[in-house]
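Undergrad: Below: one structure in structure tokens.
The values are calculated or read from the model by the stated rules, or taken from the named source; none is laboratory data. As the structure is a prediction and not an experimental result, all values here were calculated from the model. All Cβ positions, glycine included, derive from the backbone under ideal geometry; neighbour counts span all protein chains shown.
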Amino acid sequence: MSNAQLKQEIIAYSKCIGIDKIGFASADPFVTLKSRLKAQEELGYQSGFEKGTIEERTEPELLLPEAKTIIAIALAYPSKMKNSPKSTRDERRGLFCRASWGEDYHHILRRKLEALENFILEKMPDSKCLSMVDTGELSDRAVAERAGIGWSGKNCSIITPEFGSYVYLGEMITTIDMPEDTPIEDQCGSCNRCVEACPTEALIQGGQLDSNKCIAFLTQTKDFLPEKYRQKLGNRLYGCDTCQVVCPENKGKDSHIHLEMEPDPHVVKPLLKPLLSISNRDFKESYGHLSGAWRGKKPIQRNAIIALAHFKDESALPTLWELLRKDPRPVIRGTAAWAIGKIGSSSGKKILLEAKEHETDQDVLNEIELSVKSMEFETI
């Protein structure tokens, strides 16, 4: 069997196991990407979640000696939720981004890649393969772009003609030299909607992202959220879809192909107040299967507090007061203090001043003092 024939068999098999798009790229170094990554590093735009050195992220042979081809795959996920629960005055809800609906996509893609790898090794036992999804060294987007899966949009997502940017990406480096696919020409043109719509101006320009400003990144951090971004968070608990929602290429794109990606509406759009008192066990049981739960419950709870402040939900004050008094985590206490100030009830100032008498953490004390001052200013 020739390598070209093997490629066709791989493509046919990929369809049998539910891979929506597959492409083949050379394993040559990503020279342009390397220079871009160095510029990102110098500008301080990296998130800190990146794995490996810049060389490892751009030179496939460092990861798999004698690498010849990279196989890129894409799976389409839903963009619309059926039976979405409403957020009401008495029952405010948060939201997980679309990429965190259903089962954690890392598990789904790894299963597909493992099946694909087994198929290849049966055909070519002497070959070697190395698969990765999102958390590997290689840039999923750069590989997918080179393999013709889609073009790299100004929103820093791969945009496919069939599914828009609502796709999960994964790749496999192989030592088999197979024919390459042709990259898709950029279709963004003069459209700049994603850059203009970004809530925090994290999209510096088309295709360049300051990760430290990106809400998708900020929702995953565990420390205090900088105050200038708290109001931008809205009711987001994990991730942000704004740059995808406004993209014209995503209009009408809604794929319900994989049952395991279908969201439970009450899980991905949960009531906010119960999240503040949920136990570790219950959190893991209810949310552990989501990709958005990978950082644990603390960032989700912090974001839920910010969301309640966004809604100015006075019914949350007793719970926030309990957190401020008793929660062992300074980030949660401090964010609760900030939220009490933003909700701005008549009892809020008294609550904050009482808490100040017993608080020992300086960061929390700062949050209390700033909240008290803001409430005093508003009453002038």
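Undergrad: Could you check, for region 165-173, whether at least one of its residues is touching a residue at least 40 places away in the same chain (Cβ under 8 Å) and assigned to a helix (DSSP H, G or I)?
TA: Taking every residue of region 165-173 in turn, none turns out to be touching a residue at least 40 places away in the same chain (Cβ under 8 Å) and assigned to a helix (DSSP H, G or I).
Undergrad: Of Asp177, Asp126, Asp181, Asp134, which residue is in contact with a His (Cβ under 8 Å, 6 or more places away or on another chain) and either over 20 Å from Pro60 (Cβ atoms) or not small (Gly, Ala, Ser) (or both)? If you could, list the steps in order and put the result at the bottom.
TA: Numbers: Asp177 fails: in contact with a His (Cβ under 8 Å, 6 or more places away or on another chain); Asp126 fails: in contact with a His (Cβ under 8 Å, 6 or more places away or on another chain); Asp181 fails: in contact with a His (Cβ under 8 Å, 6 or more places away or on another chain).
It is Asp134.
Undergrad: In the list Lys273, Lys298, which residue meets the criterion of being under 15 Å from Gln220 (Cα atoms) and either among the β-branched types (Val, Ile, Thr) or touching a residue at least 40 places away in the same chain (Cβ under 8 Å) (or both)?
TA: Lys298 is the lone residue from the list that is under 15 Å from Gln220 (Cα atoms) and either among the β-branched types (Val, Ile, Thr) or touching a residue at least 40 places away in the same chain (Cβ under 8 Å) (or both).
Undergrad: Also, quick follow-up: Taking Arg141 and the conditions (1) over 21 Å from Val195 (Cβ atoms); (2) charged (D, E, K, R); (3) touching a strand residue (DSSP E or B) at 6+ places or on another chain (Cβ under 9 Å); (4) outside any loop (DSSP other than H, G, I, E, B), which numbered condition does it fall short on, given that it satisfies the others?
TA: Going through the list (1) over 21 Å from Val195 (Cβ atoms); (2) charged (D, E, K, R); (3) touching a strand residue (DSSP E or B) at 6+ places or on another chain (Cβ under 9 Å); (4) outside any loop (DSSP other than H, G, I, E, B), Arg141 breaks only (1).
Undergrad: Scan region 12-45 for residues that are charged (D, E, K, R) and modelled with pLDDT of 95 or more and report the count.
TA: 4
Undergrad: Kindly state which helices (runs of 4 or more DSSP H) lie completely within region 250-319 and contain at least 1 residues that are under 16 Å from the mean Cα position of the chain (by Cα) and surrounded by 18 or more Cβ atoms within 10 Å (Cβ to Cβ).
TA: Correct list: 265-268, 280-287, 297-311.
Undergrad: Tell me which residues, restricted to region 1-47, are small (Gly, Ala, Ser), surrounded by 11 or more Cβ atoms within 10 Å (Cβ to Cβ) and assigned to a loop (DSSP other than H, G, I, E, B).
TA: Listed by number, the residues that qualify are Gly18, Ala27, Ser47.
Undergrad: May I pose another question? All but one of (1) modelled with pLDDT of 95 or more; (2) more than 18 Å from Asp28 (Cβ to Cβ) hold for Thr175, so report the exception by its number.
TA: (2)
Undergrad: Look at Ile149 and say whether it is part of a loop (DSSP other than H, G, I, E, B), crowded, with 23+ Cβ neighbours inside 10 Å and more than 15 Å from the chain's Cα centre (by Cα).
TA: Against the criterion (part of a loop (DSSP other than H, G, I, E, B), crowded, with 23+ Cβ neighbours inside 10 Å and more than 15 Å from the chain's Cα centre (by Cα)), Ile149 qualifies.
Undergrad: Does Glu50 satisfy the criteria of being of a type outside the set (Gly, Ala, Ser) and surrounded by 16 or more Cβ atoms within 10 Å (Cβ to Cβ)?
TA: Considered against the rule, which asks whether it is of a type outside the set (Gly, Ala, Ser) and surrounded by 16 or more Cβ atoms within 10 Å (Cβ to Cβ), Glu50 comes out as yes.
Undergrad: Please verify whether region 67-89 includes one or more residues that are farther than 26 Å from Gly288 by Cβ, surrounded by 17 or more Cβ atoms within 10 Å (Cβ to Cβ) and in contact with a Gly (Cβ under 8 Å, 6 or more places away or on another chain).
TA: Yes: region 67-89 contains one or more residues that are farther than 26 Å from Gly288 by Cβ, surrounded by 17 or more Cβ atoms within 10 Å (Cβ to Cβ) and in contact with a Gly (Cβ under 8 Å, 6 or more places away or on another chain).
Undergrad: So, in region 88-133, how many residues would count as being in a helix (DSSP H, G or I) and either closer than 20 Å to Leu259 by Cβ or touching a helix residue (DSSP H, G or I) at 6+ places or on another chain (Cβ under 9 Å) (or both)?
TA: 18
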